[in-house]
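So the structure is just underneath, and the comments pick up after that.
The values are calculated or read from the model by the stated rules, or taken from the named source; none is laboratory data. Please read all numbers here as calculations on a predicted model, not as lab measurements. Note that each Cβ is placed from the backbone with ideal geometry, even for glycine, and that neighbours are counted across all protein chains shown. Note: areas computed on protein heavy atoms with side chains; ligands, DNA, RNA excluded. Shrake-Rupley method; radii C 1.70, N 1.55, O 1.52, S 1.80 Å.
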Amino acid sequence: MKVVLFRTQGGLDVLEYSDFPTPEPGDGQVLVKLEAAALNRVDLWTRSGSSGIKVELPHIPGADGAGVIAGQGACVSGWNVGDRVVINSNLGCGHCPACVAGKDNQCRNWHLLGETVRGTYAEFIAIPATNIYPIPEGFPARQAAAAALVFHTAWHSLITRGGLKPGESVLVLGATGGVNSASIQIAKLAGATVYVVGSNAEKLTVAESLGADYLIDRSQDENWSKTVYYLTGKRGVDVVVDNVGTTFPASFRTAAKGGRILTVGNSGGPKFEIDNRFIFSKHLSIIGSSMGTRADFATVMDLLFTGKLKAVLDRDYPLAEARFAQERLEQGEQLGKITLTIG
Ligand SMILES: [Zn+2]
C-alpha cells in the first residue's frame, strides 16, 4: 500500500511517500480502506520529536481517518465489508478498571493512533472494531475525518468534564483552531453565551459564523481579560476554554466566582506562573482532560451526522503531498482543518 512515513524524526523533509506492507487485521480488528485523513498538531510533534514520545520507526502519522471496511479478523461481529466508518483514535486496552468504567481515555495503557501507533496517512489501517463508528450514507468521509479528534476532545472537555449548562457564559481563547472552533459550536448548542478572543479580524469572522456572541480582537485589544470582565457586567464568565496555557493568569482574572478553567493543551507553552490567590478567593476549578470516551465519540459524531455541528474545512491535499499539508499547518496559515484525500 501507499503511505506517508518517516524513518527518522526531523523537519518536513523526513516525510516520504512510500510503499509499506498492507496490515493484516488481527483478532477483534477490522481493515479499513481509508478515503480521507485529517491533520492535527500532534502529527507535527511526533514527526519533529518535540513531544519526547518514543515512536516505532518507520512511523506513519495521522490520528484522524474515515473510509470503508475492506476486511476483518476473527471475533468481529456487527460489521460488514463495505460499511463506511470513521475512526476513534483513542486506543484504550479495553479491560483495565478505567476502560471497564467507560473512561477509556484514562486507560493506564492508553495510546493515540498516529502518535505511538502507526496512523492514518495510509491507504489501509488495521484497527480494533471498538474504535470505529458508522458513517451514514451521503455524509462525506472528509467531513467525518476532519471532525473526529477535535470535536471528540472539545465535547469531553466542555460537556463531560466541564458540565456546561444552558444559560452559562463561556470564553474561548482562540477563534479557528480545530478544538476551539468545535468548542464554540458545542457551547452554543449547549445554550451558552460565547465570548471569543481571536488574534485577528479574519479569524473572528469565522468564529462569528460559528455562532460566537461576542468577539474580541487581541491585535487591537491587549487587555482582553478586562474587556470580557466589563462585557459581563463585572461578573466574569462561568467557563474559560484555555488551551493556550500561558494565558492562565488572564483566564483566572476573567473567570466569575465559582468559574471553571478547562484545558486540553498548551499551544503557548507548558510552563508559566500563576497567582494562587485567584484560585481560592474566586473558588475556581481547573479541569484538565485529554481526548474523550467511546460514549462521547458516539454522541458527538451523531450530532455531526445530523448537521448540528460541522467541522470547518481548510485545504485538501492528495496523500502524496502530505508534506505540503504539514507545512501549511506548521506555518499556522489554515482556517480550519487540513485534510488528505487517499486513493
Ligand atoms: Zn484500559
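A simple packing score, the average count of other Cβ atoms within 10 Å per residue, orders the peptides 163-169, 43-49, 84-90 as 84-90, 43-49, 163-169, with the highest score first.
Per-residue ellipticity at 222 nm, computed for the chain from helices alone with -39500 (n - 2.57) per DSSP H run of at least four residues, works out to -7500 deg cm²/dmol. The length gained by stretching the chain between L335 and A320 to full extension, at 0.36 nm per residue less their Cα-Cα distance, is 3.2 nm.
Provide, as a two-decimal number, the C-alpha radius of gyration of the range 263-343 over 2.2 N^0.38 Å, N being how many residues it has. Kindly include the intermediate steps, with their values, before the conclusion.
On the way: Rg = 18.4 Å, N = 81, 2.2 N^0.38 = 11.7 Å.
Normalised by 2.2 N^0.38 Å, the Cα Rg of the range 263-343 equals 1.57.
Just the number, please: percent antiparallel of the DSSP beta bridges in the chain, rounded to the nearest 5. Looking only at bridges with both residues in the chain, the antiparallel portion is about 55 percent.
For a modelled paramagnetic label at K2, 7 Å from Cα along Cα-to-Cβ, the residues of the range 305-343 in reach, with backbone nitrogen under 20 Å, are 315-328, 338-343. Accessible surface for R253 stands near 110 Å², nearest 10, in the context of the full protein assembly shown (1.4 Å probe). Between S281 and N109, the simple spin-label model (points 7 angstrom out along Cα→Cβ) gives 4.9 nm.
Over the range 35-145, the hull volume per residue, using the convex hull of the C-alpha atoms, is 117 Å³.
Using just the alpha carbons, could you tell me how many Å³ per residue the convex hull of the chain encloses? Let's see the in-between values first.
Numbers: hull volume 45.1 nm³, N = 343.
Residue-normalised Cα hull volume stands at 131 Å³.
Working out 0.36 nm times the residue gap between I274 and D13, then minus their Cα-Cα distance, what length gain in nm do you get to one decimal?
Numbers: separation 261, 0.36 × 261 = 93.96 nm, distance 3.87 nm.
That works out to 90.1 nm of additional length.
Nearest 0.05, what FRET efficiency do A74 and K165 give at R0 = 30 Å with Cβ-Cβ as r? For A74 and K165, the calculated efficiency is 0.10.
The alpha carbons of the range 71-229 occupy a box of 58, 36, 29 Å along the principal axes, longest dimension given first. Given their separation in residues at 0.36 nm each and the Cα-Cα distance between them, A295 and E208 gain 28.4 nm when the chain is fully extended. Percent of Cα pairs in the range 180-290 per distance bin of 5 Å, from zero to the largest separation: 2, 12, 22, 26, 24, 11, 3, 0. Taken over the C-alpha atoms, the range 117-179 has Rg and Dmax values of 15.3, 45 angstrom.
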